[in-house]
Structure formats: structure tokens, C-alpha cells
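Sharing a structure here in C-alpha cells format.
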Amino acid sequence: MEFSFSAASIRKLYGLLYKSNNILIISHTNPDGDAIGSVKAIKGYLSSKGYNASIAIPNDCPDYLCFMDPDREIMVWNKEPERVNSFIRSSDLIILADFNSLSRIDDMESEVKASSACKILLDHHPSYENGSFDMVFSQPALSSTCELLYWLFAGLDKYERRDRGLKRSIPLSPETCESLYIGLMTDTNNFSNSVIPSTFKMASDLLAMGVDKERLQHLVFGGFSENRMRLMGHLLLNKMVVLPEYQAGYILLSLQEQKKFGFTDGDSEGFVNMPLNIKGINISALFTENESNIRVSLRSLNNFSVNNLAKRFFNGGGHEKAAGGKLFISLNDIPEYFKTSLKKSLECENK
Ligand code: 5GP
Ligand code: MN
């Protein structure tokens, strides 16, 4: 049930790491548990091997994930762009985790593109951007980037033991195990989506290594504010729209409502899944109004590809069953736009 990478790719990665001096680890805008889990786990792993590694992301962690970075070691581009840019310029190896195209790091894209550092992609989204990376580990079959990392660390460890003639491996630190578990837990929506046998094997290994799953469960899914619970009630009662003809449901969240309920980043985590709890509903969407655009979150329970829907109608992408994007129209126009996008996509699928 273990997942493994080819010996040649592990050897090549090991060599690239070995000859690097300054490593920068980057993940995507609006980071989620898998993004933060990945960058923290990579940094933890590399530091334990004596590498010099730093982390940068385009915008800050949502409140509910701040506990993952107690020492504030993650640099945030939109808080200190010059500092992050100088790290990008002085790195000779850049590791990009949990996204498949450089457009997902927004304002950091141009500096990363301009850098001559070796760029390694570690990701699980389908269809990575060709030509942007020097080496790619992309496994859409895996539940999360954190799962990919777990099996990658195992492969590197095996290679290193042979290379150095070591009898025993160096165990992953408790913090690294926790980071990996959080990525696994959040990207699978608590082990309900995208789970394959190796996912449970990894979870089982991590528990055996001492991860306290109740503690993490509470920190990630149980530490929400009262405001967030009230907002959830309001959305369920007054805002959720069900479209039985498309087996779909959606929710619009306006700026005015965000203000009323003291909304902070991350408060809407999980809201997109709510319509999917209704019998017969297989597609759902959450539209969140921002100052400059509308953030779109899409989910499906069946074979309907929200990745295609996001690419075609919502300026985005993602996975087959979980995707996202942006829209530049008024919130009032969303209901018609969403229905038309579903109609056209379902017509296409039924052809
Ligand atoms: P979420 O709905 O949780 O924000 O995102 C779900 C999935 O869609 C994630 O895998 C995320 O990486 C992807 N995603 C979200 N927003 C975008 C976007 O603007 N562009 C692309 N390409 N993918 C996105
Ligand atoms: Mn992910």
C-alpha cells in the first residue's frame, strides 16, 4: 500500500538538494492546510538534514492555520515584498509545492520566472504547466501534496541510507509529522475525498509516530469563532440556493455579510461542502465577494469535472472534484452565470 517513486528520480532529486546552498520553498496564494503543511514539512525535513531552507508565500495564512507557524518563519510576499524578492534572487534551488502553474503565486510569479535557480515542483494537481520547472514530481492520484511528500521523504531516506551506509533512518520530527498530517486531513476533507489505500497507510504511520489526531482535529476544525458559526447558520437558512435540475447548490457571500459577521480569512473554510449534504446534490459552489473580484470555490461528488468548469468559466482550475477560480462580474449576476455554466458543461458532458 506504499507509494514509491522511481529510483532514478529519487537519485536526481537527492543530487539537486545535495549541491544546493540556499533553498526557498514556495506555496500558493490563499494557502490551505495542504499548502502550509507542505512548506512546513519540507522545511522541517531539509533542516533536519542540515540544509539551509526558507519559506515564502504570496499572502498570509488564514487565522485558523496560524498555529502551524508559531515562530512566524514563513515570509509573506505582500507584507515584505523586497525581503522575499531578495530571497528569491539569492536562492539556487526553489521548491514549489501544492500548485501546478506559476500564475498561482500571483505577484511572486515574475521574480520566480526571472530567477536562474533550479525549480522543482512537488504537487498533486492534474496538468502541470510545461516549461516552468526543471524537475517535476506530480501525482494527481495522491490525496494531497503532503502525501506526495511523505512518500518522497521515505524514498530519499532509503536512498540516503544506502548512499551513506546507515543502518537506521533519521525519524521525521514531531512537527514535520504534524504538518504532514494536517495536509492529509484538510485536503481530504477529513478523510472523505480523494483517499486511496496509501493515504490510510500514511495516516496510520503518522499516528504510530505519535501524531495526536484529536488535538489537530480540534485545532483545525474545532477552533472556529462564534461569528463564523452564526454566519454558517445565516448562510444555510437564508442564502443557500438549491438547483435540483442541475443536481447543484450554491451560496453567495457578500461583502456586507462579511462585515456584519466580522468575517476573517478562513472563516468560510468548508462552507462550499454544505450543499453537498443534501440528498441528490452533487455539485456545489461558494461565491465570496472581495474588493476586486469574486472568489469561486467548486466541488463535485460524482464524475462531473469542476476542474473543467473552473477552467472554462471561472478563470481557474484545480482538481476534478475540488476547484476554484475568480470572477470579475457583480454578485447579482452570479446566479444566471452559474446556471449557464452548468447548462453548457452538462450539455458538453452528455454529448
Ligand atoms: P478552494 O475552493 O479550497 O479555494 O480550492 C480548491 C482547489 O482549487 C484547490 O486545489 C486549489 O488549489 C484550486 N484553486 C483554487 N483557486 C484557484 C485558482 O484561482 N486557480 C487555479 N488554477 N486553481 C485554484
Ligand atoms: Mn493540495
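Just the residues that are surrounded by fewer than 15 Cβ atoms within 10 Å (Cβ to Cβ), modelled with pLDDT of 95 or more and assigned to a loop (DSSP other than H, G, I, E, B), please, taken from the stretch 197-231.
Gly210, Asp212
Determine if the stretch 129-137 includes at least one residue that is away from ligand 1 (no atom under 16 Å from the Cβ) and of a type in the set (A, V, I, L, M).
In the first step, residues of the stretch 129-137 are kept if they are away from ligand 1 (no atom under 16 Å from the Cβ); the result is 131, 134-137.
Of the ones still in play, those that are also of a type in the set (A, V, I, L, M) are 135-136.
Yes: one or more hits.
Does Arg162 satisfy the condition of being touching a residue at least 24 places away in the same chain (Cβ under 8 Å), assigned to a helix (DSSP H, G or I) and either surrounded by fewer than 21 Cβ atoms within 10 Å (Cβ to Cβ) or within 13 Å of ligand 2 (Cβ to nearest atom) (or both)?
No, not satisfied.
Here's something else I'd like to know. Please go through (1) more than 16 Å from ligand 1 (Cβ to nearest atom); (2) open to solvent by less than 40 Å² (accessible area, probe 1.4 Å) for Ser86 and return the number of the only condition it doesn't satisfy.
(2)
A follow-up question, please. Taking the stated definitions as given, is Asn238 open to solvent by 50 Å² or more (accessible area, probe 1.4 Å), modelled with pLDDT of 95 or more, closer than 20 Å to Ala285 by Cα and among the polar types (S, T, N, Q)?
Judged against the criteria, Asn238 is a match.
Could you list, in sequence order, the residues of the stretch 1-34 that are among the β-branched types (Val, Ile, Thr) and over 19 Å from Met202 (Cβ atoms)?
To start, the set of residues in the stretch 1-34 that are among the β-branched types (Val, Ile, Thr) comprises 10, 23, 25-26, 29.
Ile23, Ile25, Ile26, Thr29 - these are the residues of the stretch 1-34 that are among the β-branched types (Val, Ile, Thr) and over 19 Å from Met202 (Cβ atoms).
Could I ask something else about it? Identify, please: which residue in the stretch 32-69 is open to solvent by 20 Å² or more (accessible area, probe 1.4 Å) and polar (S, T, N, Q) and is, among those, nearest to ligand 1 (Cβ to nearest atom)?
Per the criteria, the residue is Asn59.
Sticking with this one: Any residue in the stretch 30-44 that is closer than 15 Å to Ile120 by Cα sitting within a Cβ distance under 8 Å of a residue that is among the charged types (D, E, K, R) and within 12 Å of ligand 2 (Cβ to nearest atom)? List the pairs, counting only those 6 or more apart or interchain.
Short answer, once both residue conditions are applied: Ser38/Asp98.
Only residues in the stretch 140-154 that are farther than 13 Å from Lys40 by Cβ and outside the structural domain of Val39 (by TED's automatic domain parsing) count as the first member; pair them with residues that are within 9 Å of ligand 2 (Cβ to nearest atom) and polar (S, T, N, Q), Cβ under 7 angstrom, at least 6 apart or cross-chain, and list the lot.
From residues that are farther than 13 Å from Lys40 by Cβ and outside the structural domain of Val39 (by TED's automatic domain parsing), there are no pairs.
Count, please, the residues in the stretch 271-325 that happen to be open to solvent by less than 20 Å² (accessible area, probe 1.4 Å), more than 7 Å from ligand 1 (Cβ to nearest atom) and in a strand (DSSP E or B).
Counting residues in the stretch 271-325 that are open to solvent by less than 20 Å² (accessible area, probe 1.4 Å), more than 7 Å from ligand 1 (Cβ to nearest atom) and in a strand (DSSP E or B) gives 9.
Now for a different question. Residues being part of a loop (DSSP other than H, G, I, E, B) and either without any contact (Cβ under 8 Å) to a residue 12 or more places away in the chain or buried (at least 20 other Cβ atoms within 10 Å of the Cβ) (or both): count how many of those fall in the stretch 326-339.
Of the residues in that region, 1 qualify.
Working only within the stretch 122-140, note down all residues that are open to solvent by 20 Å² or more (accessible area, probe 1.4 Å), within 15 Å of ligand 2 (Cβ to nearest atom) and in a loop (DSSP other than H, G, I, E, B).
His125, Pro126, Ser127, Tyr128, Gln139, Pro140
So for the stretch 149-159 (the condition being closer than 19 Å to His125 by Cβ, buried (at least 19 other Cβ atoms within 10 Å of the Cβ) and touching a helix residue (DSSP H, G or I) at 6+ places or on another chain (Cβ under 6 Å)), does at least one residue qualify?
Yes, because at least one residue in the stretch 149-159 is closer than 19 Å to His125 by Cβ, buried (at least 19 other Cβ atoms within 10 Å of the Cβ) and touching a helix residue (DSSP H, G or I) at 6+ places or on another chain (Cβ under 6 Å).
Then there is this: For the stretch 13-31, does any single residue satisfy the condition of being surrounded by fewer than 21 Cβ atoms within 10 Å (Cβ to Cβ) and farther than 24 Å from Met135 by Cα?
yes
Does Tyr246 satisfy the condition of being surrounded by 15 or more Cβ atoms within 10 Å (Cβ to Cβ), within 23 Å of Val306 (Cα to Cα) and away from ligand 2 (no atom under 16 Å from the Cβ)?
yes
The values are calculated or read from the model by the stated rules, or taken from the named source; none is laboratory data. These numbers were taken from a predicted model, which means no experiment stands behind them. Neighbour counts run over all protein chains shown; Cβ positions are idealised from the backbone, glycine included. The area values use the complete protein model at the heavy-atom level, side chains included, leaving out ligands, DNA and RNA. Shrake-Rupley method; radii C 1.70, N 1.55, O 1.52, S 1.80 Å.
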